[in-house]
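Asker: I have a structure here, written as structure tokens, and I will follow up with some questions on it.
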Amino acid sequence: MLSVGLTGGIGAGKSEVSRLLVEHGAVLIDADRIAREVVAPGTSGLAAVVEAFGPDVLAGDGSLDRPKLGSIVFADPDKLAVLNSIVHPLVGARSRELEKSAAEDAVVVHDVPLLAENGLAPLYDLVIVVDAAPETQLDRLVRLRGMTEEDARARMAAQATREKRREIADVVIDNDVPLEELRQRVDQVWDDLVRRARSA
């Protein structure tokens, strides 16, 4: 089994790369999706978040109001650290469970947005960073996700720098390119991952 950490700045196109890797046969473990699962209604994770941030972070149906919580934590590094201390251990435990259930020769791709920020590179056999210029990220966040420019810049600023992400990369996938070029690059990376998994 080859354990791959996949990361990239918000708006860099990491989701597109993970989708292409899954098309090739990668087993995807999506930290964001797991992060939503571990704070679903009725979980101990949600109870801990409410205890830390108060009942105002709940939506009317009892689920977590993610935009509300986001507006609190992205403006305050200390509060973001509190949230991370609740959610990250839960995500880590669930990720390990999922990895253990994968086939012996699988390429397991962990989609981890905050891999660089949380010093998680040593947990993986290999780290892939999806990279795009900051102006590309900003354009995608405003145009495709409907964020205001101010909100987009704040989200980008809350993450590791482009340089810090590239420092931990074993493989960099440039996503300032047309989709067809991106697809070709992912094809090359996949061939390398399969070779590594077979010799692991």
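Asker: Subtracting the Cα-Cα distance from 0.36 nm times the residue separation, let me have the gained length for residue 100 to residue 145 in nm, one decimal.
Answerer: Value of the extension gain: 12.8 nm.
Asker: Could you tell me which residue out of 168, 118, 144 lies farthest along the dipole of region 115-199 toward its positive end? Charges go on the beta carbon: Lys and Arg +1, Asp and Glu -1, centred on the Cα centre.
Answerer: 118
Asker: Also: I'd like the carbon and sulfur percentage of the solvent accessible area for the chain, probe radius 1.4 Å, heavy atoms only, ligands and nucleic acids excluded.
Answerer: Carbon-and-sulfur percentage of accessible area, whole number: 51.
Asker: Can I ask one more? Show the residues, 5+ positions off or on another chain, whose built amide H is closer than 5 Å to the amide H of residue 10.
Answerer: Result for residue 10 returns nothing.
Asker: Return the percentage of antiparallel bridges among DSSP beta bridges fully within region 1-110, rounded to the nearest 5 %.
Answerer: Close to 10 percent.
Asker: Ignoring everything except DSSP H segments at least 4 long, calculate the 222 nm mean residue ellipticity for the chain; use -39,500 (n - 2.57) per segment, divide by total residues, nearest 500.
Answerer: When only DSSP H runs of four or more count, the value is -16500 deg cm²/dmol.
Asker: Further question: So what are the ³J(HN,Hα) numbers for region 74-88, from phi and the Karplus equation (6.51, -1.76, 1.60; θ = phi - 60°), rounded to whole Hz, Gly and Pro as x?
Answerer: After applying 6.51 cos²θ - 1.76 cosθ + 1.60, I find 6, 8, 9, x, 5, 5, 4, 5, 5, 4, 4, 5, 7, 7, 4 Hz.
Asker: Something else now. Compare the peptides 154-161, 12-19 by average per-residue count of other Cβ atoms within 10 angstrom and give them in order, highest first.
Answerer: 12-19, 154-161
Asker: Here's a follow-up. Could you give the accessible area per residue of the chain, probe 1.4 Å, as a whole number in Å²?
Answerer: 53 Å²
Asker: For a quick check: with amide H placed at 1.01 Å from N, whose amide H comes under 5 Å from residue 110's, ignoring anything fewer than 5 positions away on the same chain?
Answerer: 4, 5, 6, 29
Asker: If you take every residue apart from residue 186 with its C-beta less than 13 Å away from the C-beta of residue 186, what net charge results, scoring Lys and Arg +1 and Asp and Glu -1?
Answerer: Summing Lys/Arg as +1 and Asp/Glu as -1 gives -4.
Asker: A follow-up question, please. Of 22, 50, 7, which is farthest towards the positive pole of region 1-145's charge dipole, taken about the Cα centre with +1 and -1 on the beta-carbons of Lys, Arg and Asp, Glu respectively?
Answerer: Of the options given, the answer is 50.
Asker: Please list, in order along region 27-43, the HN-Hα scalar couplings obtained from phi with the Karplus expression 6.51 cos²θ - 1.76 cosθ + 1.60 (θ = phi - 60°), rounded to whole Hz, x for Gly and Pro.
Answerer: 8, 9, 10, 9, 4, 5, 5, 5, 4, 6, 4, 6, 10, 5, x, x, 8
The values are calculated or read from the model by the stated rules, or taken from the named source; none is laboratory data. Quantities reported herein were computed from a predicted structural model and do not represent experimental measurements. Ideal geometry is used to build each Cβ from the backbone, glycine not excepted, and the neighbour counts take in all protein chains shown. Just the protein is used for accessible areas: all its heavy atoms, side chains included, with ligands, DNA and RNA removed. Shrake-Rupley method; radii C 1.70, N 1.55, O 1.52, S 1.80 Å.
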